[in-house]
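Notes to accompany the following structure.
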Amino acid sequence: MKSAEIRKKFLSYFEERGHTVVPSSSLIPAGDPTLMFVNAGMVPFKDLFLGKEQRSYTRAASCQRCLRVSGKHNDLEEVGYSRRHQTFFEMLGNFSFGDYFKEEAIEFAWEFLTKELAMDPKVLHPTIFEDDDEAAELWQKIAGFPPSKIVRLGAEDNFWSMGDTGPCGPDSEIFYDRTGKCLKDGSDCPITCDCERWWEFWNLVFMQYDRSADGTLTPLAQKGIDTGMGLDRLTSLLQGADSNYENDLFVPLIERVQQLTGDREITLERRPAYRAIADHSRAMTFLIADGVLPSNEGRGYVLRRILRRASYQGRLLGLTKPFLTTICDTVIEIMGDAYPIVRESESRIMDAVADEEERFLQTLESGLTRLEQMISGMSIPLTIPMEIKPAPSGVLRGEDAFKLYDTFGFPIDLTRKALEARGWRLDEEGFERALEEQRERGRAALGQERGQDEALLAAARGLDATRFVGYDALDAGATVVALFTSSGRASEAREGDEVQVVLDASPFYAEGGGQVGDSGHIAGANGDVAIENVRRVGHGVFVHHGRVERGRIAEGETVRAEVDPVARQNTMRNHTATHLLHKALRVVLGPQAKQAGSLVAPDRLRFDFFHNKPLTEDELHQTERIVREQVLLDRSVRIEVMPLQEALATNADAMFDEKYGEEARVVSVSNGDVFSRELCGGTHCHHTGQVGAFVIVEQRSVGAGVRRVEALTGERAYAWFDERRKVIDELSHEYNVPVAELPERLRALQERAREAPKAAAPSNLPDPQEVIARAEQRNGALVIIDRVDAADAESLRDFGDELRRRVKSAAIVLGTVFDDKPSVIVMLTPDRIEAGLHAGKLAQQIGKQMGAGGGGRPDVATAGGRDASGLDAGLALARELLAGKTN
Ligand code: SER
């Protein structure tokens, strides 16, 4: 049975039993700061388990893409060595949110395996949490297992948690007996044996608790079921493959690598590298498809490490050229039907992988050079921004190895290998220490961020979600549900207090989808609070952040909440313009120029999109022109709310990391024919004409493959034009020329200015032959130290070059004064450098003598001084320095 068929069979089995099939969400958890990547099928349903979100269904099934490379579930180090661990994998799961519990979960699993897939019941073995008698009885009843076959294990094995916080509960795992006997010694080994006889492949979690940061388990209001079965493992078992790398999801990848290396057989020694390349290529393909790009922090850093590891494994197999795009191409072939997103993102994936692998290969090369220099004790040129002090004993300091590894991305295994070859070794302890220190810094930063969020989350827990009434109204009556000041929950806040106000209903837009929170006022009977920002926390509680400006405000009070209408209207203009811009960029640059992030504020809009080079003037203007055309057409902006699936079927643009519920809000710009259609919760103009004016004021790169533009609309755009007009009018007055002739006039002035100084102070250089004739000669080499009259640094240098061309062996030091300052050039012929001289060092000393500084290359260097009188002292020092050294 092919993996595609197994995937389908699982989903239809559960669909037939009342489960809603939910498509896999992105690898980036939506709106969940506690998790870096989706690491299990249940993650997108976290809030349903916690009772914070309701949907029309209480049973669901999915095939979810997962990544286990960080946090609580991390299998990175196993990859290559284990037959059944991967970083990226697909998890099949069925879920119940307060619907069925243990009994049905076990029944479904048993029926699916033994009837639907016709597995032999004899090879299946369950484990349960040590004191879960209920599960034991159920397995006995449903599958007829004697108690002796139901293995009870501790929390380590049979209690599942999503992460440090979140839903968790005891579980029951189903194992497959692949060989009937121990692979190490042929005995009848227990299920806990690590010989690979037993494969755990389906985990049924009985969700019962919510774990908080301090480890407390709070029982969930409604129990749930979360099951997870690795598609790869199941496929291997059904296909009789001895490892996941031998099933139909992986074979084409391994074979592709073999084509590149030319290996007919894969030896045991080379096997881990093959597997790692296959696994990592899947991970990078999906990470990039889901919007991550290599960088030095967060998710981008994880992607960078995975990609570099894979590329390095290729070097170990003897591949010298970049090869990863070839493997990713095969990943897209295998996975494209099940995950159209990888096909749609193909060009972005290829560009990002090619670019990063190229960078890595350069790093490898320079890393090896650095290491070589360090091992052979050569001094490290100053241009390399790293100082490595070789220890005399032939031990590389841990912190240096760490720097190579961390700053330069040079794999530590390679450092070890290179050292080994030279009889050196690595200070492993020091390296570990440096690594741990860095992890500690990471944890501290994350902890701080989490702490703040936790405090807000805790504050919002137990409060009802705020009703948002601000799409239609800018002010509304409301009740103060809760108040928080710097000292925690408060019944009242007074003038001057910083305060967070929770209302039952609010016209304020809470920060989200790139749009900033609204500002405005909350007015009560006894006081007034100025609101600066509004955030949505937990399951939709709006926290209005501000300061009591007058009087006081109290919990339970009835208030009037008023959004600042001008700021809101400006934000609306910018949000609608953002949608127009998004579409316009794709018209001009191609469909890959999709949104990578955005900020919609009252005063400007900022838009990040995937594109790997600067926009030309022409592209920028075309983009502006398309947006302006839509504004002038005054198209209507239509808002519709519809089921998410329906919305996605209309090809509406959705963002990678936005959280979408069952219902989607679709914003379309159209007059019959649709110009743009996006899933969006933001506030918009009714007609595009309200955007008023639009201008792009800046573009730049914000990382590999992503560009950013900033644009203005409405009054801000007018102000920007006015400001420029003012400057131009001033210039036009000043030079007394019409605006249209300004560029030409300025060019002419510039031209004249360039020529002016030369005309004012021409060089008065001597005949080169004369200078050579009056130079001293020492042991066959000339020492030319002279004061000449050059107009600028360039002519001084030209003159020096001329001298150097005419002599075979010389040390040349020429000084001049222009702009009232001394300037010296030092030049050496190659033999002088070999004799131990260094122009840069000489210039440094001469510059110092003249009261300023100098430096440069071994063959040419320059020095400057503070005032004209210093030149003689500088040249005198040169004479002294060269007298001692040229013999
Ligand atoms: N969440 C559980 C796991 O990942 C079951 O889906 O194993």
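The values are calculated or read from the model by the stated rules, or taken from the named source; none is laboratory data. Worth saying up front: this structure is predicted, and the values here are computed from it rather than measured. FYI the Cβ positions are ideal-geometry reconstructions off the backbone, even for glycines, and counts take in every protein chain you see.
Odds and ends about this structure:
- In this structure, Met229 does not qualify as in contact with a Pro (Cβ under 6 Å, 6 or more places away or on another chain), closer than 21 Å to Leu92 by Cα and within 14 Å of the ligand (Cβ to nearest atom).
- Taking every residue in segment 147-175 that is among the hydrophobic types (A, V, I, L, M, F, W, C) and pairing it with any residue that is assigned to a helix (DSSP H, G or I) and within 14 Å of the ligand (Cβ to nearest atom), at least 6 positions away or on another chain, the pairs with Cβ-Cβ distances below 8 Å are Met162/Val43; Met162/Lys46; Ile174/Ala109.
- Qualifying residue in segment 255-272 (condition: of a type outside the set (A, V, I, L, M, F, W, C), within 16 Å of the ligand (Cβ to nearest atom) and outside any strand (DSSP E or B)): no
- Selection count, segment 479-537, where residues are within 36 Å of the chain's Cα centre (by Cα) and part of a loop (DSSP other than H, G, I, E, B): 13
- Filter result for Thr179 (among the polar types (S, T, N, Q) and away from the ligand (no atom under 16 Å from the Cβ)): yes
- Residues considered: Glu723, Glu770. Of these, the only one that is over 30 Å from Ala601 (Cα atoms) and either without any contact (Cβ under 8 Å) to a residue 24 or more places away in the chain or not acidic (Asp, Glu) (or both) is Glu770.
- Restricting segment 182-211 to residues that are assigned to a loop (DSSP other than H, G, I, E, B) and in contact with a Gly (Cβ under 9 Å, 6 or more places away or on another chain) leaves a set whose member that is farthest from the ligand (Cβ to nearest atom) is Asp188.
- Segment 23-49 residues that are more than 16 Å from Ala289 (Cβ to Cβ) and in contact (Cβ under 8 Å) with a residue 12 or more places away in the chain, paired with ones that are more than 15 Å from the ligand (Cβ to nearest atom) and assigned to a helix (DSSP H, G or I) (beta carbon under 6 Å, 6 or more apart): Pro33/Asp453
- Every condition in (1) under 43 Å from the mean Cα position of the chain (by Cα); (2) farther than 25 Å from Phe10 by Cβ; (3) more than 15 Å from the ligand (Cβ to nearest atom) holds for Leu153 except the one numbered (3).
- The set of residues in segment 333-369 that are over 22 Å from Phe609 (Cα atoms), touching a residue at least 40 places away in the same chain (Cβ under 8 Å) and assigned to a helix (DSSP H, G or I) comprises Glu333, Ile334, Met335, Phe360, Leu361, Thr363, Leu364, Ser366, Gly367, Leu368.
- Qualifying residue in segment 196-208 (condition: free of Cβ contacts under 8 Å to residues at least 60 places away in the same chain and polar (S, T, N, Q)): yes
- Of the helices (runs of 4 or more DSSP H) lying entirely inside segment 744-861, those containing at least 3 residues that are of a type outside the set (Asp, Glu) and surrounded by 15 or more Cβ atoms within 10 Å (Cβ to Cβ) are 768-773, 793-806, 839-849.
- Scanning segment 223-242 for residues that are buried (at least 17 other Cβ atoms within 10 Å of the Cβ) and not in a helix (DSSP H, G or I) gives Lys223, Gly224, Ile225, Asp226, Thr227, Gly228, Met229, Gly230, Ala241.
- Of the residues making up segment 117-150, those that are within 16 Å of the ligand (Cβ to nearest atom) and either small (Gly, Ala, Ser) or out of contact with any helix residue (DSSP H, G or I) (no Cβ under 7 Å at 6 or more places or on another chain) (or both) are Asp132, Ala135.
- Scan segment 156-172 for residues that are within 14 Å of the ligand (Cβ to nearest atom), more than 14 Å from Phe206 (Cα to Cα) and either of a type in the set (Ser, Thr, Tyr) or at pLDDT 95 or above (or both) and the total you get is 0.
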